[in-house]
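To start, the structure itself, in structure tokens.
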Amino acid sequence: MEKPKRVLVAGDWDADGIVSAALLVYTQEKLSLYPLKSVSIVDRVPVDPDRLRYVLNSISAPYDLVVFLDLPYVPYTGNVLKMMKQHFGVRKIMYVDHHLSTLQHEEELRQIVDVLLVDHRQPTVGLLMDELSKNGIRVHKRLESFAMAVRYMDAGKRVPPEYMKIFEITKMISKALTAVRDDELWVKIVNWLADPTPLPMPLDEQVMARVKEVIDKRDSELREMAMSLAIEAVRVGDLRFIDARKKWKKRGATALASKLASILRAPVALLVDTNKNHSLLVIKASRGRAYRIAKYLVGEGVAYDIAGHPNLAIVRVEKEIDKKTILDALQQALFYTA
């Protein structure tokens, strides 16, 4: 008998990362078909850019393959991946992502990883589903439905009635995990999604009650903060700028920007503080405008490092940047990117 391979699947906390991880747990652990055509022991762990270095603590013995899913590139990503191969016995690395920062460092990553799938035009789930289709691999119907829900969620398209229930569950799970960052809950949900049985054991009532409690609290907090900040919005062309550095220093800035855009019914640029030596400007604008505005700001030296997506871009700015500097830069950006 061939000795089982060892695979580590590391995915982000949001819906895209969770469902992507479930796809690979199913195709590798249940089917033994992808990414490796072999029987494998599959470990799974949640990861985000801030915790990437700590993934090394999960490597207790050499892995035949480590897969990173929906993980945006950060300045130390390349060094961590190199260390895995040089000092931790990882034989191969697979990297699948759609964030702008990852695409900007595509050539560097190609020099390090063995399999790289990147494209900003669809979520990580979409990249994986396309790859599975090329290899003639089908996942079970329920998991496929969750993958479709993520695609609709990422594209912002109207969800067909047959996917609405799955869509709502996906949003609920994503919101809860993004808020609480509970490793055990992440693994439990990935396993539940990957389960191929026709009627999988439901997530226990205690887990779902906790998920609902977290979501209700988070949504209420975001709604109240967004309503408070909306009245302070400064008009810059058709965009609304909000300086929330003194009011918001926690996770969820992108969700807050989206909530503000919904309330104001306009593109939004939200400035928030962090516990690091920089602040973040979150730009929410449709049809790729967010990325174009962010790119202009970086080109002018006002901001640096573009992350996020074409319609929701995130740039770093100086900690104490003057509000007028941001407003003037946004005015110019709107003019040159119209």
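The values are calculated or read from the model by the stated rules, or taken from the named source; none is laboratory data. Nothing here was measured: the structure is a model prediction, and the numbers come from that model. Note that each Cβ is placed from the backbone with ideal geometry, even for glycine, and that neighbours are counted across all protein chains shown. For the accessible areas, the whole protein counts, side chains as well, though only heavy atoms, and no ligand, DNA or RNA atoms are used. Shrake-Rupley method; radii C 1.70, N 1.55, O 1.52, S 1.80 Å.
Excluding F167 itself, what net charge comes from residues whose Cβ is under 11 Å from its Cβ, given Lys and Arg +1 and Asp and Glu -1?
+3
Between region 232-307 and region 35-111, how far is it from one alpha carbon centroid to the other, in angstrom?
29
Filter the trypsin sites (Lys or Arg not before Pro) in region 280-338 to those in DSSP coil with at most 13 other Cβ atoms within 10 Å of their Cβ, and list the result. Don't skip to the end; give the middle numbers.
Values: sites: K284, R287, R289, R292, K295, R316, K319, K323, K324; in loops: R287, K319.
When the trypsin sites (Lys or Arg not before Pro) of region 280-338 are filtered for loop state and at most 13 Cβ neighbours within 10 Å, R287, K319 remain.
Which angle from 0 to 90°, rounded to the nearest 10, does the C-alpha axis of helix 289-299 make with the longest principal axis of the chain?
70
Which longest run of the chain has no exposed loop site in it, a site being GluC sites (Glu not before Pro) in a DSSP loop with at most 15 other beta carbons within 10 Å, and the site itself not part of the run?
In short, 3-231.
Enumerate the lysines that K250 could reach by cross-link, defined here as Cα to Cα under 27 Å, with residues fewer than 8 away along the same chain left out.
Correct list for K250: K171, K175, K188, K212, K217, K259, K276, K284, K295, K319, K323, K324.
For the chain, set up a GNM with springs between Cα atoms under 10 Å and report which of N191, N135, N311 has the largest fluctuation.
For the chain, modelled as a Gaussian network with Cα springs under 10 Å, the answer is N135.
Which whole-number percentage describes the relative contact order of the chain, with Cα contacts under 8 Å and a sequence gap of 6 or more? Don't skip to the end; give the middle numbers.
Details: 582 pairs, mean separation 44.8, N = 338.
Answer for the chain is 13 percent.
Suppose a student asked you for the relative contact order of region 48-99, using Cα pairs under 8 Å spaced at least 6 residues apart; what percent would you report?
That works out to 49 percent.
Cross-link candidates for K85: which lysines have Cα within less than 17 Å, leaving aside residues fewer than 8 places away along the same chain?
Partners found: K5.
Compute the angle between helix 141-155 and the longest alpha-carbon principal axis of the chain, please, reported from 0 to 90 degrees and rounded to the nearest 10.
Helix 141-155 sits roughly 20 degrees off the main axis of the chain.
Taking the Cα-to-Cβ direction at Y76 and at F335 and moving 7 Å from each Cα, how far apart do the two end points lie in nm?
About 4.1 nm separates the two model spin labels.
Relative contact order for region 92-232: what is it in percent, counting Cα pairs under 8 Å that are at least 6 residues apart?
16
Picking from L71, L33, L177, which is most flexible by a Gaussian network model of the chain using Cα springs under 10 Å?
Maximum fluctuation in the GNM of the chain, among the listed residues, is at L33.
Excluding same-chain residues fewer than 8 positions from K134, which lysines have a Cα within less than 18 Å of its Cα?
List returned: K37.
Report the trypsin sites (Lys or Arg not before Pro) located in region 215-282 that are in a DSSP loop and have at most 11 other Cβ atoms inside 10 Å of their Cβ, or state none. Don't skip to the answer; put the middle values down first.
Values: sites: K217, R218, R223, R235, R240, R245, K246, K247, K249, K250, R251, K259, R265, K276; in loops: R245, K246, K247, K249, K250, R251, R265, K276.
For trypsin sites (Lys or Arg not before Pro) across region 215-282 that sit outside H, G, I, E and B with at most 11 neighbouring Cβ atoms in 10 Å, the list reads K246, R265, K276.
If you roll a 1.4 Å probe over region 110-252 with all protein chains in place, what percent of the accessible area is carbon or sulfur?
52
Hey, what's the chain come to in accessible area per residue, 1.4 Å probe, Å²?
Value returned for the chain: 49 Å² of accessible area per residue.
Could you work out the helix-only [θ] at 222 nm for the chain, with each DSSP H run of four or more residues adding -39,500 (n - 2.57) and the total divided by the number of residues, to the nearest 500 deg cm²/dmol?
The helix-only estimate for the chain comes to -14000 deg cm²/dmol at 222 nm.
Taking K and R as +1 and D and E as -1, what net charge do the other residues with C-beta under 9 Å from the C-beta of V125 add up to?
Once all neighbours under 9 Å are counted, the net charge is -2.
Compare I283, I41, I242 in a GNM of the chain, Cα atoms joined below 10 Å, and give the one with the largest fluctuation.
I41
Looking at region 57-160, which trypsin sites (Lys or Arg not before Pro) are in a loop (DSSP not H, G, I, E or B) and have at most 16 other Cβ atoms within 10 Å?
Those satisfying the criteria are R91, R121, R138, K157, R158.
Among H120, H140, what's the order by accessible area (1.4 angstrom probe), most exposed first?
Putting H120, H140 in descending order of accessible area: H120, H140.
Over region 70-109, what percent of the accessible surface lies on carbon and sulfur atoms, probe 1.4 Å?
52
So, counting K/R as plus one and D/E as minus one, what does the shell of residues with Cβ under 11 Å around R44 add up to?
That works out to -2.
Could you work out how far helix 183-194 tilts from the main Cα principal axis of the chain, as a 0 to 90 degree angle to the nearest 10?
Approximately 60 degrees, to the nearest ten.
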